1. Taking only Cα atoms of region 1-144, what ratio of Rg to Rh do you get with Rh as the Kirkwood inverse-distance radius?
2. Please identify, among D160, D142, D70, the residue showing maximal mean-square fluctuation in a Gaussian network model of the chain using a 10 angstrom Cα cutoff.
3. Along the positive direction of the dipole of the chain (beta-carbon charges: Lys, Arg +1; Asp, Glu -1; about the Cα centre), which of S136, Q60, N93 reaches farthest?
4. Tally Lys/Arg at +1 and Asp/Glu at -1 over every other residue whose Cβ is under 10 Å from the Cβ of N66; what's the total?
5. About its Cα centre, what dipole magnitude does the chain give when the only charges are +1 on Lys and Arg Cβ and -1 on Asp and Glu Cβ, stated in debye to the nearest 20?
6. Please identify, among S101, S148, S114, the residue showing maximal mean-square fluctuation in a Gaussian network model of the chain using a 10 angstrom Cα cutoff.
7. What does the charge count around K103 come to, taking other residues whose C-beta lies under 13 Å from its C-beta (Lys +1, Arg +1, Asp -1, Glu -1)?
8. Rounded to the nearest 500, what is the chain's calculated 222 nm mean residue ellipticity when only DSSP H runs of at least 4 contribute -39500 (n - 2.57) each, over all residues?
Amino acid sequence: LTEKNLSFINLPKTATQDAKKVRVAFSVRSGNQLVKRVGFIHHMEGVVDTRSRMHYAVAQINDPYNLKGDKDLSAIEIGSFVNANIEGIEAENIISIPRSSVKGNRTVMVMSPSNKLTRKIITIQRAQGDTVFVSSGLNDKDKVIITSLETPVEGMALTDKKVDESKQQTKIVSKVAK
């Protein structure tokens, strides 16, 4: 885990300190089957890799090989590499937007209520893959421009082309006001 990751996870300081509250969702491909299991962080190793600055957490799955023969559980094969998603701290008032919509390291373009291009400075809480999670600078009614504009000019007229309601994102076609 990186230092930044640690700030988003409420990890136990010791192996006995509420460790079972930090859930981990595991998944692994076994042939053409996707095996999913749930475990928890057992403890932190207490060492930091001197080159990568990574911290090591030890997670545990009860009966990972399904030795008890539970018909509702799939076994994880010995030596399998698994994907682990660690439950993080719940954040409030976070808006997710595509990373590609962020210009520089903190600016996004939005369409104002009067259909004009405006720029907003944002605070990025976290970035993961192609998504950034914004903690301030936007509200849930803002229409973030996710379409590439050739020459964006503050105040230029915009036309709402299509809204993807499931992602609350707006694709914009720009019109230069004459």
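1. Working: Rg = 20.1 Å, Rh = 18.3 Å.
Answer for region 1-144: 1.10.
2. Among D160, D142, D70, the largest mean-square fluctuation in the Gaussian network model of the chain belongs to D70.
3. Working it through, the farthest residue towards the positive pole turns out to be S136.
4. Details: positive: R37, K68, K71; negative: D63, D70, D72.
Neighbour charge sum, excluding N66 itself: 0.
5. Numbers: 27 positive and 19 negative charges, 135 e Å.
Rounded to the nearest 20 debye, it is 640 debye.
6. Between S101, S148, S114, it is S114 that shows the largest mean-square fluctuation.
7. Details: positive: R99, R106, R119, K120; negative: E154.
Summing Lys/Arg as +1 and Asp/Glu as -1 gives +3.
8. Working: 1 runs with 4 residues, N = 178.
Value at 222 nm, helices only: -500 deg cm²/dmol.
Where a number appears in this text, it was derived from the coordinates with a stated rule and is not lab data. Because the structure is predicted, anything quoted here is derived from the model rather than measured. All Cβ positions, glycine included, derive from the backbone under ideal geometry; neighbour counts span all protein chains shown.
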